[in-house]
Amino acid sequence: MTLGQIIALFMGSVFVQNFIFSRFLGLCPYVGVSKDTPSAMGMGFAVVFVMTMASAVTWGLYRYVLIPFDLTYLKIVAFILVIASFVQFVEMFLKKAFPALHRSLGIYLPLITTNCAVLGVAFLNITQFETESYGFAKSTLQGFFAGIGFMLAMLIMSGIREKLEYAEIPEAMKGLAIVFITAGLISIAFLGFSGFKL
Amino acid sequence: MKARVTFKGGIHPPENKGLCGELSIKDFPPPETAVLPLQQSLGSASEPVVKKGDKVKKGTLIARSKGYISSNLHSSVSGEVIDIRKSPHPLLGEANAIIIKSDNRDEPERDYSAEEASADSLSSGEILELIQNAGIVGLGGATFPAHVKLNPPADKPIKTFIINGAECEPYLTSDHSLMLECADRILKGAALIKKMLKAEKCLIAIEENKKDAIALFRQKIIQLKNAEGLQVFPLKVKYPQGAEKQLIYTLTGKEVPSGGLPMDVSVLVHNIGTVFAVYEAVFLRKPLFERIVTVSGKGIKNPANWRVRIGTTFKMLVNHSGLADKKIKKLIMGGPMMGLAQYTDEVPVVKATSGILVLTSDEAADFEHLACIRCGKCVSVCPMGLMPAEISKMVEKGRIDTAKSIGLMDCMECGSCNYICPSGTNLLQYIKLGKYEYLRSKNVKR
Amino acid sequence: MGIEVIIYSTGVLLVLGAGFGIALAVSSKFLSVEEDPRIKKISDILPNINCGACGFAGCSSYAEAIVTKKEKVNLCMPGGEKTSKKIAGLMGIAPDSIEKKVALIHCCGGGIGKKKYDYSGVKDCRVINMVAGGSVECDYGCLMGYACLRSCPVHAIEKNENLMPYVIRDKCVGCGRCVTTCPRNLIELAEYGKKVHILCSSHDRGAEVIKVCKVGCIGCGKCVQACPFNAIRIENNLAVIDYSKCRVCGKCVDVCPVKVIYDWRKDFTVPGKQQKSGKKNEL
Amino acid sequence: MLKDKHLTVTVSPHIKTSLTTERMMWIVSAALIPAAGAGIYFFGPHAALVIAVCVGASIITELFCAVLMKKPATIKDGSAFLTGLLLALCLPPEFPLWMCALGSFFSIAVSKFAFGGLGHNIFNPALAGRAFLMGAFAKEMTTWKTLQDFPDGITAATPLNLLKEQGYDSLMKVFDSHSHLFKELFIGRVGGSIGETSAALLIIGGLILIFARVTTWHIPVSYILTVIIVSYFTGGLFDIPFHLFTGGLMLGAFFMATDPVTSPITPKGQIIFGIGCGLFTMLIRIRGGYPEGVCYAILLMNSVTPLIERFSKTRIFGVKR
Amino acid sequence: MGQEETNNTGYFKELSKGFIRENPIFILCLGLCPTLAVSNLVENAFGMGIAFFFVLLCSNITISLVQKLIPDEVRIPCFIVIIAAFVTVASLLMQWLIPDVYARMSLYINLIVVNCIILGRAEAFASKNNVFRSALDAVGMGVGFTASLFIISAIREVTGFGTFLGFRLIPENIKPITIMILAPGAFFTIGFLMALFNLIRIKKGKVSK
């Protein structure tokens, strides 16, 4: 892969087709864990890691198991299994190595299992690269960049939400309503990236 | 480390120093009844040594210091102690005070006009004792007992002694007039303190808007025989130029560490009035019972600088100066930036009173409080490099610990942020509230 | 679709499942962390309003302290007896009983007492108290800056028609935040059952009190005489009820000449209500 | 006698500056008047209508929201007026009026009052309104008006549009020479939004803001410098004045990015903010799907303002780094 | 969650709670990803709703049937496998029945497998209750979800395209607000609908006080 392609992939996954603001993937943890910046950062790193690894693992699974045996219709079951086990592993690792982080992420770590962003990137890899070559590097990078985009969105939102704690938001708007309005406004700003010539 | 042009931040409020006109000091007649609050300095209140019915003279010790940080108190009139009771206090609202009825003879305890010849040969200890006996406190407004400040621990030697003649508060001209009138004596006091501290340098810092005082001091220093290390330092006109930490930074380039004292960077700062009081205490053996007070503001008909006895009520001064025919809003002790608003004119002049201002409603306008628009002006004017808007917001929401972590306790309450805020937010009030809550929570935890 | 598809798919899934299962089992051996499941259960029981009345940073840290440090189970004021019983049951120990406590504001005159000066600035009594010793003539009176009202996590303090703050007794959870907030220390936690209270904190002499406030204790001592249980004493010009002796008979209420003794059973939900003050004087 | 007077007691300080929020808002509005006037002069009466409708709709929405939220109506602080004016200035001169009103409504109600009103909004209301209209009515937002007294054969496109869609040659065909192009750009006799065209007047307005101490130099200077540097490295010397004077850059740098509410509070943060705006503007202009990137760049930086603030705290006096 | 108390409540309550009281989208705030992604057209929303309904119902029933057999430690992976199987079935069915709708949103159909609502109901309800109650719960939740999806998509389609299920509602000469069918429109719609729900709740709370 050339550097240009990598940059194009980066821009595409992080800005143009941001998982949160244009694909609506992984919204549950997004609204759940973005209350303060440190845990948003932790969750972001976890997602980046899981997404990258999930992309790599599912690539292998799809390319060398499901396609040869003509079992592509089993992809949902197979992928979710792989990812679930993988997240379980990450969770155990965090609990052991960074207990403080694990505590602050709390109930949201298991949510990575059911984070549609992780499964979504695996499916996207298949569909996006179906026509071209379904390469290992490309899909892994896509997973990695998509994770970065997710983390960026989390960080932006956490910063804003920390600030909103001091704002006089109308009673009815409090809670998730204002989070969604904010997300809408950020996604308007991200519209600026649409139509990028890469 | 070198001297700087100025410190970061600061504001330029309208000076209004010209209100006072010529800068001569007039003597204010001794009051009929002197109200002398026992609490005149930081720390604990002094203990009365007279009782009801005792006869006292001008300069008689009437209350002795109690504890390490405390100061003596002397009668400012001759007459009879008629009561020791709670009465209005300009700083505390209400506090115990010794009330002395004057017999109109104004008899001094001893003759305070002749200079003691032996003053030059006194030892440091003797000088300190004289200062302590005279009940001298920091006259800039902080009222820290001078003998404590002039006696730094042995491991913190003082290299630079700074005399603060900045008088950056608008309206006030009491230090200015004192400098013009008593330059010789101030220099004598300065030389004495410098010798006592074994300081290498003694810098007299004066704001550039007092050109006559700068010229006068320069001229006097040239005339002086042993003027080694004595130097006049003109300062940029800016508030709060007279704040201790900012002054030290401007003059020496050193930053007093957060939570530290000037002696941590081998510097000692004293107000010009304090230096003069030290001169009087050591050379004239005169205790501190009078001081220069600016009576000004647009609500005053004839603003002037008065030499006033401690214990004179504000009412007498204000009535004597006459009230202008305007809508009067506030009575303030001190300058308009850091002074304290008074609820009654029955309060007496205390050692901390550098000025009495009567402000009209167009000078002291409060305006409608709007939401903070995060313009960042408070950040750029804060001389301590804080973010006042953020701190006050956090205090408002009860996050005292977060506020502490971004510098709540470093604030020196100069009020620059409050002055500059276009939204009319009372930033300083929230910061004060935060400090109060923080100290309180610390006490609770203990 | 033939039989081989089913065999393939089952086989693939089995292999995958078994592979990951083994990997997980192995790693869980290496990465296992012991954690007491009771901590989570206890923090589920606790009310999770994080008021801090228990003395811990929040409900979850209190839960942790109960399990790891064998902390007492009756420290949660908002949860009350029900919670402490539940936790005790979970921990397998006998619950200590706790008496429900509610906040009580020992002043009913702030709205009626005289003003010392016009205050302008942040409307918070903690700030007002710093300015020339407070804005009301009475040194022991409520400044009506409503810091207590804002500090209450359950919104149990409201303003009455004299603009005095008062506690809604049934809403109050007894966390004690207002107690530490009040700059003049006018609030204390009193047992819910003791329903007669003296609502004044002034230690000034009677004559001075009358000068500044219509509803201030003048220390006349009538209540002391009226009390059949010797539960009231005059302490530094202020009548004080000894709650351990008080039987809530209510005899002191009627004799008080300045009406600072209140009986909550007589529908005095709003202290100062019967004082018809002409104008509302908010700060 | 002082006793008879009503003394007010407050915590110090007792004096305040005369530069209030209200006055700041009106100074900004006044500084925009020349540019708005130029827009009306160049584009005709419909531009004046657009401005009037935007301002009017903004004020009405503000009133409506204030009543709905039971807050005191804050019309006289000028923020609603300013938002309306700014929004109008970045709309095309022939823009349908009902869409103007809708955009104003969005600006005030959604991007300002939903967050609690003045001082609490995260995004610049005027820009959020513009971006909303851009997303909603892309066609109308890019229909530009032909200037009456313009050299013949002019299309109705802005110079940036021309460059993006038809390339450098056609741009040069319209304006014979660089110097002619720059002159027209500077004076403002080119197609574009109402208030964006006249770079000269906008610079004058911006300087007024800085000298009146309504805003500081940090954001405009760092923004413009970044644009200069990036355009030099991507296009050479010719590109510098072109990128500076086309589109909404001057309006954005002096009036939009400096919006105090949505930009960082610390000087260091403001410089980072300006640099970010410059980078995103150039990125979108050169590579993006839209010819103009100022609006989106500022909105993007608005969204990361809290993060910038988090990492650009001031140094406390006496505390060593 | 207080599920131990549900045994005493009536069946109708079980069914109706998903409509408003525990509306999965507006109150529980679950399963937002597909809600936002496919709600630009009412047609898509219906497709999604039906697929979702099918999977939820089947998996709830299956899980409540086999709950006794599954050891506690591995229940989540088991649930996921069960759900994944039904999602596969649904996706294959849709591919066969309505291929054009499926083509537009195949990704989100596949992602039903990780939808928080389904897993949440499996975990919180179906694994603790009997088959009938679980089915009722699934029907309630499914209807609630589909109805919410329908409301959102109706708002977005009418404002964004000017049509409803393909029929033109708003005359051609009034330009539709295109942004409503883009990503920001989805966020705004759900944000304001949540605010509306909050408002109703606040109003109700005030009345009862």
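The values are calculated or read from the model by the stated rules, or taken from the named source; none is laboratory data. Please read all numbers here as calculations on a predicted model, not as lab measurements. Here the Cβ positions follow ideal geometry from the backbone for every residue, glycine too, while neighbour counts run over all protein chains shown. These accessible areas exclude ligands, DNA and RNA; they are computed on the full protein's heavy atoms, side chains included. Shrake-Rupley method; radii C 1.70, N 1.55, O 1.52, S 1.80 Å.
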Looking at C:Cys217, C:Cys178, can you tell me which residue is outside any strand (DSSP E or B), farther than 14 Å from C:Ile261 by Cβ and in contact with a Leu (Cβ under 9 Å, 6 or more places away or on another chain)? C:Cys178
Could you grab me the full set of residues in the stretch B:389-408 that are within 10 Å of chain D (Cβ to nearest Cβ) and either outside any helix (DSSP H, G or I) or in contact with a helix residue (DSSP H, G or I) (Cβ under 7 Å, 6 or more places away or on another chain) (or both)? B:Ala389, B:Ile406, B:Gly407
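Test B:Ile84 against the stated conditions and say whether it is among the aliphatic types (A, V, I, L, M) and in a strand (DSSP E or B). Walk me through how you get there before you give the answer.
Details: among the aliphatic types (A, V, I, L, M): yes; in a strand (DSSP E or B): yes.
Yes: the conditions hold for B:Ile84.
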Residue, farthest from B:Gly18 (Cα to Cα), within the stretch B:289-299, restricted to residues that are in contact with a helix residue (DSSP H, G or I) (Cβ under 7 Å, 6 or more places away or on another chain) and open to solvent by less than 10 Å² (accessible area, probe 1.4 Å): B:Val293
Complete set of residues in the stretch B:353-390 that are crowded, with 24+ Cβ neighbours inside 10 Å, of a type in the set (A, V, I, L, M, F, W, C) and under 30 Å from B:Asn302 (Cα atoms): B:Ile356, B:Leu357, B:Val358, B:Leu359, B:Ala364
Just to be sure before I move on: is B:Ser380 outside any helix (DSSP H, G or I), in contact (Cβ under 8 Å) with a residue 24 or more places away in the chain and within 7 Å of chain D (Cβ to nearest Cβ) in the structure I sent? no
Looking only at the stretch B:324-337, which residues are away from chain C (no Cβ under 14 Å) and surrounded by fewer than 24 Cβ atoms within 10 Å (Cβ to Cβ)? B:Ala324, B:Asp325, B:Lys326
Inter-residue pairs, beta-carbon under 6 Å, first under 12 Å from B:Ala97 (Cα atoms) and in the stretch B:39-63, second charged (D, E, K, R) and open to solvent by less than 50 Å² (accessible area, probe 1.4 Å), 6+ apart: B:Gln40/B:Lys351
List the pairs whose first member sits in the stretch B:300-320 and is away from chain D (no Cβ under 11 Å) and surrounded by fewer than 24 Cβ atoms within 10 Å (Cβ to Cβ), whose second member is among the hydrophobic types (A, V, I, L, M, F, W, C) and outside any strand (DSSP E or B), and whose Cβ atoms are under 6 Å apart, counting only residues at least 6 apart or on separate chains? B:Lys301/B:Ala324
With the requirement that a residue be surrounded by fewer than 18 Cβ atoms within 10 Å (Cβ to Cβ) and of a type outside the set (Asp, Glu), what does the stretch A:66-89 give you? A:Ile67, A:Pro68, A:Phe69, A:Thr72, A:Tyr73
For the stretch E:77-100, check the following and say yes or no: at least one residue is open to solvent by less than 10 Å² (accessible area, probe 1.4 Å), within 19 Å of E:Ser16 (Cβ to Cβ) and of a type outside the set (Val, Ile, Thr). no
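Of all residues in the stretch D:269-293, how many are more than 10 Å from chain A (Cβ to nearest Cβ), without any contact (Cβ under 8 Å) to a residue 60 or more places away in the chain and out of contact with any Asp or Glu (no Cβ under 6 Å at 6 or more places or on another chain)? Steps first, answer last, please.
If we filter the stretch D:269-293 for residues that are more than 10 Å from chain A (Cβ to nearest Cβ), which is where we start, we get D:269-279, D:282, D:285, D:291.
With the extra rule that they be without any contact (Cβ under 8 Å) to a residue 60 or more places away in the chain, the set shrinks to D:269-279, D:282.
So of that shortlist, the ones also out of contact with any Asp or Glu (no Cβ under 6 Å at 6 or more places or on another chain) come out as D:270-279, D:282.
The total comes to 11.
Residues checked against (1) without any contact (Cβ under 8 Å) to a residue 60 or more places away in the chain; (2) in contact with a helix residue (DSSP H, G or I) (Cβ under 7 Å, 6 or more places away or on another chain); (3) among the hydrophobic types (A, V, I, L, M, F, W, C); (4) crowded, with 17+ Cβ neighbours inside 10 Å:
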| position | (1), (2), (3), (4) |
| --- | --- |
| D:Ile15 | yes, yes, yes, yes |
| D:Met25 | yes, yes, yes, yes |
| D:Gly44 | no, no, no, no |
| D:Ala47 | no, yes, yes, yes |
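I need a count of the residues in the stretch A:1-42 that are hydrophobic (A, V, I, L, M, F, W, C) and within 15 Å of A:Val179 (Cβ to Cβ). Give the steps one after another, and end with the answer.
Here is the first cut: in the stretch A:1-42, the residues hydrophobic (A, V, I, L, M, F, W, C) are A:1, A:3, A:6-11, A:14-16, A:19-21, A:24-25, A:27-28, A:31, A:33, A:40-41.
Narrowing further to those that are within 15 Å of A:Val179 (Cβ to Cβ): A:20-21, A:24, A:27-28, A:31, A:33, A:40.
Matching residues across the stretch A:1-42 total 8.
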Looking at the stretch B:272-315 only, could you name the residues that are outside any strand (DSSP E or B), more than 16 Å from the chain's Cα centre (by Cα) and small (Gly, Ala, Ser)? B:Ala281, B:Gly297, B:Gly299, B:Gly311
When you scan the stretch E:120-129, do you find a residue that is without any contact (Cβ under 8 Å) to a residue 40 or more places away in the chain, within 16 Å of E:Val55 (Cα to Cα) and more than 7 Å from every other protein chain (Cβ to nearest Cβ), even just one? no
Residues of the stretch A:149-164 that turn out to be more than 9 Å from every other protein chain (Cβ to nearest Cβ) and either free of Cβ contacts under 8 Å to residues at least 24 places away in the same chain or surrounded by 24 or more Cβ atoms within 10 Å (Cβ to Cβ) (or both), as a count: 4
How about the stretch A:95-144: which of its residues are of a type in the set (A, V, I, L, M), closer than 29 Å to E:Ile118 by Cα and at pLDDT 75 or above? A:Ala117, A:Val118, A:Leu119, A:Val121, A:Ala122, A:Leu124, A:Ile126
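Given the structure, is B:Leu428 in a helix (DSSP H, G or I) and either more than 12 Å from chain D (Cβ to nearest Cβ) or of a type outside the set (Lys, Arg) (or both)?
On the way: in a helix (DSSP H, G or I): yes; either more than 12 Å from chain D (Cβ to nearest Cβ) or of a type outside the set (Lys, Arg) (or both): yes.
Taking the combined requirement at face value, the residue satisfies it.
Scan E:Ile190, E:Ile170, E:Ile98, E:Ile174 and give me the residue that is in contact (Cβ under 8 Å) with a residue 12 or more places away in the chain and either under 17 Å from the mean Cα position of the chain (by Cα) or within 14 Å of chain A (Cβ to nearest Cβ) (or both). Can you show your working first?
Values: E:Ile170 fails: either under 17 Å from the mean Cα position of the chain (by Cα) or within 14 Å of chain A (Cβ to nearest Cβ) (or both); E:Ile98 fails: either under 17 Å from the mean Cα position of the chain (by Cα) or within 14 Å of chain A (Cβ to nearest Cβ) (or both); E:Ile174 fails: either under 17 Å from the mean Cα position of the chain (by Cα) or within 14 Å of chain A (Cβ to nearest Cβ) (or both).
Unique residue meeting the criteria: E:Ile190.
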Please find, within the stretch D:221-264, the residue that is farthest from D:Ile204 (Cα to Cα) out of those that are within 14 Å of chain B (Cβ to nearest Cβ) and touching a Leu at 6+ places or on another chain (Cβ under 8 Å). D:Val261
Residue list for the stretch D:165-183, restricted to those being more than 15 Å from D:His243 (Cβ to Cβ) and either in contact with a strand residue (DSSP E or B) (Cβ under 9 Å, 6 or more places away or on another chain) or assigned to a helix (DSSP H, G or I) (or both): D:Glu165, D:Gln166, D:Gly167, D:Asp169, D:Ser170, D:Met172, D:Lys173, D:Val174, D:Ser179, D:His180, D:Lys183
Criterion first (at pLDDT 90 or above and either closer than 21 Å to B:Asp184 by Cα or buried (at least 19 other Cβ atoms within 10 Å of the Cβ) (or both)) does B:Gln223 satisfy it? no
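Okay, residues lined up against (1) surrounded by fewer than 23 Cβ atoms within 10 Å (Cβ to Cβ); (2) within 22 Å of B:Glu116 (Cβ to Cβ):
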residue: B:Glu228; (1), (2): yes, no
residue: B:Gln231; (1), (2): yes, no
residue: B:Pro240; (1), (2): no, no
residue: B:Gln246; (1), (2): no, no
residue: B:Lys254; (1), (2): yes, no
residue: B:Leu261; (1), (2): yes, no
residue: B:Ser266; (1), (2): yes, no
residue: B:Ala277; (1), (2): no, yes
residue: B:Val282; (1), (2): no, yes
Conditions (1) part of a loop (DSSP other than H, G, I, E, B); (2) touching a residue at least 40 places away in the same chain (Cβ under 8 Å); (3) surrounded by fewer than 21 Cβ atoms within 10 Å (Cβ to Cβ); number of the one not met by D:Thr314: (3)
